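Comments concern the structure below.
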Amino acid sequence: MKLLPLLLAAIAMLAGYSILPGQPEDTGFLTKHVSTSLPVSETYDNLRQGFRYCDFANVGVPRCKPPKSDGAVFCNVYTGDTAGKTSRVLGTIQLSPAPTGTQAVLRVQTHVANREDILTAWEILMSGKVREACP
């Protein structure tokens, strides 16, 4: 009987290391850390406007959660088809307040073609320079 609590604790610990089905591992992403001198709210507005202006085939389709109480914003970015419907996760964008503006973590899946170009486009969109990011 003394083994049962130990066994249950071991199972719970191992379960914490499992990855949910369909969720990409962290190693499946190319990550870029960037910052802007703009506040999160303005950076987020720039991103939303940029994604509206740019062709979703080039930069993806964002689905963002409402801003947290500290102002942080998290978005999943999906690939889109010709009808504009989202399908698979292309990457994520996380915006957090920083003393000098916004700290962003941009992540795109490593199997995606032109992944460096996508990260660069997202970074440019954050600054509000939409025409430079969208071909």
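The values are calculated or read from the model by the stated rules, or taken from the named source; none is laboratory data. No experiment lies behind these values; they were computed from the predicted model shown. Cβ placement follows ideal geometry from the backbone for every residue including glycine, while neighbour counts extend to all protein chains displayed. Note: areas computed on protein heavy atoms with side chains; ligands, DNA, RNA excluded. Shrake-Rupley method; radii C 1.70, N 1.55, O 1.52, S 1.80 Å.
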- Could you list, in sequence order, all residues of the stretch 97-108 that are open to solvent by 20 Å² or more (accessible area, probe 1.4 Å), within 16 Å of LYS32 (Cα to Cα) and touching a Gly at 6+ places or on another chain (Cβ under 8 Å)? ARG107
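Considering only the stretch 42-68, how many residues are part of a helix (DSSP H, G or I) and open to solvent by less than 80 Å² (accessible area, probe 1.4 Å)?
At the first step, the residues of the stretch 42-68 found to be part of a helix (DSSP H, G or I) are 42-53, 56-59.
Pick out the ones that are also open to solvent by less than 80 Å² (accessible area, probe 1.4 Å) and you get 43-47, 50-51, 56-59.
Number of matching residues: 11.
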- Note on the structure: When GLU116 is run through (1) over 23 Å from ALA72 (Cβ atoms); (2) among the charged types (D, E, K, R); (3) open to solvent by less than 60 Å² (accessible area, probe 1.4 Å), the failure sits at (3)
- Pairs with Cβ under 9 Å, 6+ apart, first in the stretch 44-57 and over 21 Å from SER87 (Cβ atoms) and at pLDDT below 90, second of a type in the set (A, V, I, L, M) and open to solvent by 60 Å² or more (accessible area, probe 1.4 Å): none
- List every residue pair whose Cβ atoms sit under 7 Å apart, with the two residues 6 or more apart in sequence or on different chains, where the first one lies in the stretch 82-95 and is closer than 21 Å to GLU123 by Cα and open to solvent by less than 50 Å² (accessible area, probe 1.4 Å) and the second, anywhere, is at pLDDT 90 or above and in a loop (DSSP other than H, G, I, E, B). LEU95/ALA72
- Considering only residues that are assigned to a helix (DSSP H, G or I) and within 14 Å of the chain's Cα centre (by Cα), look in the stretch 26-41 and name the one that is nearest to GLN94 (Cα to Cα). ASP26
